[in-house]
Structure formats: structure tokens, C-alpha cells
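Peer 1: Please see the structure below; I have some questions.
The values are calculated or read from the model by the stated rules, or taken from the named source; none is laboratory data. Just so it is clear, the model here is predicted, and its values are computed rather than measured. Cβ placement follows ideal geometry from the backbone for every residue including glycine, while neighbour counts extend to all protein chains displayed. These area figures cover heavy atoms from the full protein model, side chains too; ligands, DNA and RNA do not enter into them. Shrake-Rupley method; radii C 1.70, N 1.55, O 1.52, S 1.80 Å.
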Amino acid sequence: MNELVKLMRSEDVAVITIDNPPVNALSPGVPEGLLAAIQSAAADAAVKSVVVIGAGSTFIAGADIREFGKMVSGERPRISLLPLLLAIEDSPKPVVMAIHGQALGGGLEVAMAGHYRVIAPRAQVGQPEVKLGIIPGAGGTQRLPRLAGVAKAVEMCAFGEPISAPEALALGIADRIIEADLLGGAVAFAREVANRPASKTRERQEKLAGFDPSVFAAARDTAQKTRRGQKAPLAAIDAVEASPKLSFEEGCRVEARLFNECLYSNQSRALIHAFFGERTVNKIPDIPKNTPLREIRRAAVVGAGTMGGGIAMNYANAGIPVIVKEVSQEALDRGLSTIRKNYANSVAKGRFSQAVMDERMALITPQLTYDGFEEADIIVEAVFEGMGLKKQVFREIDLVAKPSCILASNTSSLDIDEIASATRRPESVIGHHFFSPANVMRLLEVVRGKATAREAIATSMALAKRLKKVAVLAGNCRGFIGNRMLGPYFREAQFLIEEGATVEAVNQTLYDFGWAMGPLAVSDLAGLDVGWRIRKEFKHLEKPGVRVPLVADRLCELGRFGQKTGRGFSLYDENRRPLADPETAALIEQVARQAGIERRAVQAEEIVDRCLFALVNEGARLLGEGIALRAVDIDIVYLNGYGFPAWRGGPMFYADTVGLEKVLGRVREFEARHGSDLWSPAPLLEQLASDGNTFAGYDKQMAVD
Ligand code: CAA
Ligand code: NAI
């Protein structure tokens with residue numbers, strides 16, 4: 001039909017193959033080819049039934065996501081799949097969809113327009129559009145309830161999680177699982193049904209009745225809690241809700257209106273940016289795809305504290321045996337008991353079985369010596385944060401590790417080059433900065449030292465995928481990407497309370513912006529003493545005359561370390577709920593008075609701009625220094641490690657949506673008010689703003705194929 005869709009005949013069965021690598025997305029040419037093939041099969045008297053199948057590893061992964069941006073910008077007209085799907089459904093000869101890999105989004109919509117679906121046992125189907133800030137746009141919200149029932153359709157369309165082949169079969173989305181030879185099985189099935197009257201999904205009514213009418217309210221409630229701020233899940237629920245009330249055609253019109261509202265929103269742009277961003281971060285300019293990788297079969301972790309335990313779990317979860325080494329039996333027992341508790345929690349919640357937990361526990365070997373470290377392909381150090389100790393540990397592991405072993409440090413801020421200098425193989429030393437809780441958070445900052453070998457970097461990036469992490473490469477500087485940017489963000493949050501904003505206003509305003517938690521609440525959770533200790537260590541680096549936040553240190557002097565002591569910026573009740581603390585408010589006023597800071601009313605807009613633009617300005621500085629490769633790398637760090645709202649696309653994307661000229665204007669205002677030491681604009685921000693450019697434009701110049 002064209003080079004993307006091929007039509008062949010297996011005696012009386014027409015076989016249409018979609019061949020658009022890598023994932024058979026419905027790019028321009030595919031719908032046209034499919035329509036032509038269906039029409040041609042219909043016109044061929046020798047054909048009794050039709051099979052549609054995907055070439056390669058998947059059926060159809062959905063619309064071509066790259067096209068959405070072009071539609072929004074007007075570069076390409078918006079083409080609806082609806083007419084094609086009606087043509088498939090109206091085919092006089094039964095159409096059997098043969099699904100392997102994934103049938104997602106538009107892929108499932110195509111599949112549902114067929115008269116039957118057969119499926120490979122490991123295939124998945126789903127409507128994941130909400131993850132891109134949109135909803136199904138080709139009748140998915142109307143056909144899915146007719147096949148799977150209204151309640152399941154609400155869940156699948158609103159939350160986007162795919163389901164397995166057995167579940168699809170049980171729900172009625174699939175008609176048969178084909179264990180081996182999908183094509184052969186599909187052709188045989190097509191012959192079986194060739195002379196049966198085929199029903200059209202859109203005409204089916206039986207599953208549109210009898211559902212619990214509270215499903216919509218319950219789903220909205222869940223969406224508001226788990227997808228706070230996002231419009232698409234609510235739109236998806238509205239669209240599915242139309243299915244039992246309206247005719248198919250009217251329901252599709254409701255869906256089309258909601259789809260358009262979502263598509264032409266910053267939220268979908270942001271989430272699509274994040275989708276491609278997660279894939280872009282793997283592309284590193286001087287590390288070609290064919291860089292040799294070191295094989296990782298066995299791992300070892302030094303330290304079984306908060307981070308070491310979580311890191312060990314990641315390896316065990318990926319089926320990689322891991323030794324965990326501690327200094328005392330007590331610390332080892334504590335670490336292992338936390339791991340066991342975490343796994344038992346997952347079993348209790350039904351995430352996996354006791355047998356899986358037992359398998360994972362069996363992969364973890366706790367011990368007090370370096371025995372067996374010589375067999376490890378990677379050793380991850382996760383001991384206390386302190387250069388002396390880190391260097392001592394690296395000297396020790398350098399002595400026991402085999403030559404090909406990667407030596408990784410989980411330091412959150414220390415100099416990787418100095419750590420590497422304690423070994424005879426700085427080329428094998430690298431930062432693996434996990435985020436707490438390490439068994440949950442998706443982000444891994446991979447930190448490149450000046451001597452780190454390309455192979456060690458490429459291996460780390462590939463390993464991250466096995467550990468189900470999103471890895472972002474960072475250059476070596478204090479705090480790397482994420483924590484370095486956090487410095488100015490936290491600084492401004494504290495300055496704002498000294499100037500007159502309440503703790504509650506700062507936390508609430510940034511929570512309302514979409515962050516998972518306000519910055520002062522995060523500090524209370526992490527423990528104010530952590531920063532206090534670091535500040536004391538680096539006191540000598542403070543510049544005389546440059547303002548520093550004062551309140552956190554005063555709270556620590558009073559023994560108020562945050563949640564762990566029941567008091568920090570806020571007061572915590574027994575359920576760890578924060579309450580306004582009048583004593584802290586009085587302390588803040590007193591500190592401000594003593595420092596001669598003028599107190600005034602602070603508006604929400606200022607809270608957002610001061611905190612966010614401090615973050616963005618530091619991000620631009622990092623980019624200019626080459627610590628982050630692209631602006632999107634920074635966004636991916638913030639979306640996956642710091643609770644930045646996904647639907648705002650990350651701090652740099654957010655800055656683009658505000659407009660860099662405006663961002664720069666505000667930065668200059670703050671510079672005039674608070675001084676150049678704190679607020680001098682990053683040179684890259686100045687340059688991009690004066691060129692009328694964006695961070696996205698900057699990334700385009702840095703693109704790697
Ligand atoms: N459109 C365009 N490109 C796509 C794509 C899509 N739907 N799905 C994947 N790709 C690209 C990726 O960007 C990647 O490209 P690069 O190699 O250049 O980075 C390549 O295909 C391979 O993708 P992955 O690295 O993600 O491969 P994987 O094997 O890990 O995962 C997948 C495969 C599960 C299909 C995953 O890619 C995925 O979830 N894709 C998105 C699915 C989706 O959201 N579909 C709905 C689209 S919206 C829609 O369909 C609405 C509508 O019709 C109206
Ligand atoms: P922690 O205090 O919970 O655990 C450190 C563990 O290391 C302790 O159990 C200690 O007994 C053990 N240890 C000390 N010396 C050892 C040695 N020579 N051999 C074996 N074990 C030894 O500390 P945490 O929070 O796990 O931090 C570890 C590292 O991870 C630090 O570098 C920290 O900066 C970094 N990090 C911490 C994060 C966090 O949120 N806690 C986040 C990201 C990184």
C-alpha cells in the first residue's frame with residue numbers, strides 16, 4: 001500500500017502489516033496506508049477476512065507523539081483517526097487485530113475498531129494519553145467502555161496504566177490469547193470467524209449499563225489526589241462519563257472537544273517535553289551509542305544506612321546479587337531490618353508476593369568484611385558524607401576490587417575528582433547520586449569526574465535502565481545539578497520569611513504551584529541539622545557582607561531539627577501534620593529585627609518568582625558551565641528527584657513558558673533589590689533572552705542524534 005503498510009494474502013485471509021519502526025507509531029502515511037489496505041482487501045473477492053499485525057517488536061505504540069507539536073504550531077493540520085476507524089469497523093469482512101508488544105493510545109483505538117482481537121501472552125494494552133496531558137482522541141473513551149465496561153474504561157483512560165494480555169482477555173478487550181506464532185494463530189482465527197456476523201464495537205451496548213454510578217466521583221477524587229493540578233485525567237473521566245449517556249457519535253464529539261482543550265494546553269506541551277526528555281538524557285555528545293559496556297553481574301554496597309539499604313534493594317529488584325558491608329553488626333542488622341520492612345510493606349500492599357520478597361532478600365548478602373568484593377562488577381559507596389571517610393573507603397575498595405570494577409560514590413555534594421584521587425584508577429570512579437528513598441525515587445544523577453572513562457559512563461547509563469531509574473549525566477561541582485540549584489531556591493524561601501511572609505504562606509504557595517511539598521516543609525522533613533552541619537563546615541566559604549539565611553541555624557541551636565524533633569519551621573503533631581508555630585514566628589521576627597531586615601507584606605507572586613527564578617538562574621549558570629548538558633536534563637532531574645510538578649515540564653521549561661525576557665527582567669529587579677552576589681543574571685540567561693531564544697531553542701543547538 002505504501003512502504004509503511006504492506007498487504008499480502010494468505011489464501012483467503014488478507015494480512016496487513018504495519019511497518020514503521022521503532023514502535024509502529026501512527027505517523028503520516030500509516031493511517032492512509034491502513035485505509036487503502038482495508039479498502040483493497042474489501043474489494044478483493046478472494047479475501048474472506050483480514051488480519052492486521054505490527055512488524056518488529058510491537059503492534060502500535062499510538063499516535064506519533066512528535067506530530068502533536070506540529071499540529072499545535074499549525075505546521076501540520078490536525079488529522080483525526082476517527083474516519084479510518086469507522087472504515088475498519090464498517091469493513092464487510094471481519095478484521096482481526098493481532099496484538100504483540102504494545103497496543104497503546106491510538107494503537108488500542110485502532111485495535112478496538114477491529115471486529116476481533118487476538119493477543120500474545122506478554123502483550124500490553126492501554127490508553128496512556130493522560131501521561132502526555134491529553135486524552136484518547138479517536139473514540140477510545142467511547143469504544144473502551146463498550147468492550148471493557150465503564151468502570152475499567154474510566155480507570156484506564158484517567159490513569160493511563162496499561163493492562164496485561166490475560167486481563168485484556170478477562171475484560172473482553174481481547175478474544176483469544178495466542179501462545180506462539182501470533183500471525184499463524186491470527187490467520188487461523190480469521191478463518192474461523194470469516195463467515196460469522198461480526199459485531200461493531202461502537203454498536204455494542206451491553207456493557208454500558210449496570211455499572212456503579214459512583215465510579216466517576218471516585219475517579220475524580222483519586223485524580224485530584226494523585227494527579228494534583230492535571231487537567232487531562234479529569235477530561236478523560238468526563239469523556240468516558242459521556243459514553244453511557246450519549247450516542248457513540250455524540251460521545252465522540254464530547255471526546256474531540258476535550259481532546260482539543262487538552263492538546264492546546266501548556267500541560268500537554270510540558271508532559272510531551274518530559275516524555276522526550278527522558279529519552280534525550282541518554283544521548284551524550286561524546287559517548288556514541290556503540291561505546292563498549294562493562295558487564296554488571298554482581299554488585300556490592302558499602303554502608304547499609306538510609307541510602308545504602310535502598311541502593312541494595314535496587315540491585316536485588318533487578319535480580320543482581322549484592323553484598324552489603326557495614327562497620328558494626330548493629331548497623332548491619334538495622335539496615336537489613338529496614339530492607340525487610342520495606343519489602344514486607346510491598347507484600348502487604350499486594351505489589352508482589354512473599355516468594356518474590358524471599359528471592360530478593362536472598363540476593364542480598366550482609367557482612368562486615370570486604371570478602372567477595374573482588375567479584376563485584378560495581379561497588380557503590382554510601383557511607384557518611386565526609387571527604388576523609390570517603391577517601392579512606394575508596395582506598396580500601398581500590399585494593400580489593402578487580403580491574404574492570406566500577407567504583408561509584410553516592411555522595412550528594414562532594415568532589416568526585418578528590419574521591420577518585422584516593423584510588424589508582426580514577427577512570428573507573430564515578431558518582432551515582434541516588435535520591436531518598438533510593439528504592440522509590442526514579443532519579444539517578446551520574447556524575448562524571450575529569451578522569452571518568454566513557455565506558456564507565458555508558459555502563460552507568462545502561463545500568464540505570466536495568467535498575468528502572470532515569471539517569472541524568474552531571475558534571476562534577478558542589479551539589480551537581482539538583483542540589484546545587486536547590487541552594488538558591490531554599491535560600492530565597494528563608495529570605496522571604498525573614499522579610500515578612502509566613503512559613504505557611506511560603507509552603508502553601510509553592511505547593512499550590514504544584515510542588516509535592518513546600519521548601520520549608522522539605523527542610524523539616526530532611527532534617528535542619530543536615531544543612532546546619534554542612535554550613536558550619538563551609539562557613540569559611542561565606543563572603544563577608546553577603547546575606548545568608550539566619551532562621552534555620554537559630555532553630556537548630558534550639559534543638560529544633562524538623563520533623564524528627566517534632567519542631568522545625570513548623571510544629572508537628574503525632575501524625576506529622578504541620579501546624580503554625582507561634583514561637584517560630586516570634587523567633588523569625590526577632591532574627592529579622594536584629595539583622596535590620598525590614599518586614600513587609602509579601603505577595604504570592606513574589607514567593608513564586610523569587611523561589612522559581614532563583615532555581616532557573618542557577619540552572620542557566622550550570623548550563624553555561626557545561627555541568628548540565630541540556631536544559632531538558634535539568635528538567636528531568638527536577639521532575640524525577642525533587643517533586644517538581646510534571647505538568648509544568650520542569651524549571652527550565654517553566655521559564656520558557658513565562659518567557660525568558662520576563663524571567664530576566666525579574667532577576668534584574670531582584671538583583672537591584674538584593675545585590676549582585678545573590679542575583680546577578682546567569683550569562684546564558686542574558687544571552688538567550690536578548691536573542692529572543694528559549695531554553696528549548698538552546699537544546700536544539702545541542703541536539704545529539
Ligand atoms: N511516537 C513517536 N515516537 C515514539 C513513540 C510515539 N508514540 N513511542 C516511542 N517513540 C520513540 C521514542 O521516543 C524512542 O525514540 P529514540 O530512540 O529516538 O529516543 C523510540 O521510539 C523507542 O522508544 P522507547 O525508548 O520508549 O522504547 P521502549 O521499548 O522502552 O518503550 C513504548 C516502548 C512502551 C512503546 C514506549 O515508547 C511508550 O510508552 N511510548 C509512548 C506510548 C504512548 O504514550 N502512546 C500514546 C500516544 S498518544 C495517542 O496515541 C493519542 C491519539 O491517538 C489521539
Ligand atoms: P546514614 O547515616 O543513614 O548511613 C551511613 C552508613 O554508613 C551508616 O550505617 C554507617 O554505619 C555506615 N558506614 C560508615 N562508615 C563505613 C565504612 N567504613 N564501611 C561500611 N559502612 C560504613 O547516611 P545516608 O543518609 O545513607 O547517607 C550516605 C551517603 O549518601 C552520604 O554520602 C549522603 O550524602 C548521601 N546521600 C544521602 C541522601 C539522603 O537523603 N539521606 C540522598 C542522597 C545521597
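Peer 1: Return the total of residues in region 654-705 being open to solvent by less than 80 Å² (accessible area, probe 1.4 Å) and not in a loop (DSSP other than H, G, I, E, B).
Peer 2: 27
Peer 1: Got a sec? Which helices (runs of 4 or more DSSP H) wholly within region 507-568 have at least 3 residues that are among the basic types (Lys, Arg)?
Peer 2: Fully inside region 507-568 and qualifying: 528-537.
Peer 1: Follow-up. Return the total of residues in region 419-458 being under 16 Å from residue 302 (Cβ atoms) and not in a strand (DSSP E or B).
Peer 2: 6
Peer 1: A further question follows. If residue 116 satisfies every condition in (1) in contact with an Asp or Glu (Cβ under 8 Å, 6 or more places away or on another chain); (2) surrounded by fewer than 24 Cβ atoms within 10 Å (Cβ to Cβ); (3) under 28 Å from residue 234 (Cα atoms) but one, which is the exception?
Peer 2: Single failed check for residue 116: (3).
Peer 1: Take residue 49 and decide whether it is assigned by TED's automatic domain parsing to the domain that holds residue 184, in contact with a Lys or Arg (Cβ under 8 Å, 6 or more places away or on another chain) and not hydrophobic (A, V, I, L, M, F, W, C).
Peer 2: Yes; evaluated as a whole, the condition is true for this residue.
Peer 1: If you scan region 401-418, which residues turn out to be within 12 Å of ligand 2 (Cβ to nearest atom) and in a loop (DSSP other than H, G, I, E, B)?
Peer 2: 410, 411, 412, 413, 414
Peer 1: Residue 580 versus (1) surrounded by fewer than 19 Cβ atoms within 10 Å (Cβ to Cβ); (2) of a type in the set (A, V, I, L, M, F, W, C); (3) out of contact with any helix residue (DSSP H, G or I) (no Cβ under 6 Å at 6 or more places or on another chain): which is the lone unmet condition?
Peer 2: (3)
Peer 1: Another question about this same structure. With in a helix (DSSP H, G or I), of a type outside the set (S, T, N, Q), touching a helix residue (DSSP H, G or I) at 6+ places or on another chain (Cβ under 6 Å) and more than 12 Å from ligand 1 (Cβ to nearest atom) as the only criterion, which of 250, 241, 261, 255 stands out?
Peer 2: 241
Peer 1: Residue check, residue 50 against (1) of a type outside the set (S, T, N, Q); (2) free of Cβ contacts under 8 Å to residues at least 12 places away in the same chain; (3) not in a loop (DSSP other than H, G, I, E, B), all met but one. Which one?
Peer 2: Unmet for residue 50, out of (1) of a type outside the set (S, T, N, Q); (2) free of Cβ contacts under 8 Å to residues at least 12 places away in the same chain; (3) not in a loop (DSSP other than H, G, I, E, B): (2).
Peer 1: Just name the residue that is surrounded by the fewest Cβ atoms within 10 Å (Cβ to Cβ) out of those in region 381-400 that are part of a helix (DSSP H, G or I) and in contact with a strand residue (DSSP E or B) (Cβ under 8 Å, 6 or more places away or on another chain).
Peer 2: Only one residue fits best here, namely 398.
Peer 1: Is there a residue in region 54-67 that is open to solvent by 60 Å² or more (accessible area, probe 1.4 Å), within 12 Å of residue 38 (Cβ to Cβ) and not β-branched (Val, Ile, Thr)?
Peer 2: Looking for residues that are open to solvent by 60 Å² or more (accessible area, probe 1.4 Å), within 12 Å of residue 38 (Cβ to Cβ) and not β-branched (Val, Ile, Thr), one finds none in region 54-67, hence no.
Peer 1: Out of everything in region 564-575 that is without any contact (Cβ under 8 Å) to a residue 60 or more places away in the chain and surrounded by 12 or more Cβ atoms within 10 Å (Cβ to Cβ), what residue ends up being nearest to residue 549 (Cα to Cα)?
Peer 2: For region 564-575, the residue satisfying everything is 568.
Peer 1: If you check every pair at least six apart or on different chains, which have Cβ atoms under 7 Å apart with a residue in region 86-114 that is in the same structural domain as residue 180 (by TED's automatic domain parsing) and basic (Lys, Arg) first and a residue that is open to solvent by 10 Å² or more (accessible area, probe 1.4 Å) and outside any loop (DSSP other than H, G, I, E, B) second?
Peer 2: Pairs that qualify, where the first residue is in the same structural domain as residue 180 (by TED's automatic domain parsing) and basic (Lys, Arg) and the partner is open to solvent by 10 Å² or more (accessible area, probe 1.4 Å) and outside any loop (DSSP other than H, G, I, E, B), are 93/42.
Peer 1: Okay, next question. Where in region 60-136 are the strands (runs of 3 or more DSSP E), entirely inside, with at least 1 residues that are closer than 23 Å to residue 190 by Cα, within 16 Å of ligand 2 (Cβ to nearest atom) and modelled with pLDDT under 95?
Peer 2: Strands (runs of 3 or more DSSP E) meeting the threshold: none at all.
Peer 1: Give the residue that is farthest from ligand 1 (Cβ to nearest atom), with candidates limited to residues of region 295-347 that are among the charged types (D, E, K, R) and open to solvent by 40 Å² or more (accessible area, probe 1.4 Å).
Peer 2: 330
Peer 1: Within the group 445, 455, which residue is outside the structural domain of residue 644 (by TED's automatic domain parsing) and more than 17 Å from the chain's Cα centre (by Cα)?
Peer 2: Just a single option satisfies the conditions, and that option is 455.
Peer 1: A further question follows. Would you mind finding the one in 255, 261, 326 that is over 26 Å from the mean Cα position of the chain (by Cα), touching a residue at least 24 places away in the same chain (Cβ under 8 Å) and closer than 30 Å to residue 145 by Cβ?
Peer 2: 255
Peer 1: Continuing with this model, one more query. When you go through 495, 435, 480 one by one, which is the residue that is at positive phi and either surrounded by 20 or more Cβ atoms within 10 Å (Cβ to Cβ) or in contact with a Phe, Trp or Tyr (Cβ under 9 Å, 6 or more places away or on another chain) (or both)?
Peer 2: Going through 495, 435, 480 in turn, just one is at positive phi and either surrounded by 20 or more Cβ atoms within 10 Å (Cβ to Cβ) or in contact with a Phe, Trp or Tyr (Cβ under 9 Å, 6 or more places away or on another chain) (or both): 480.
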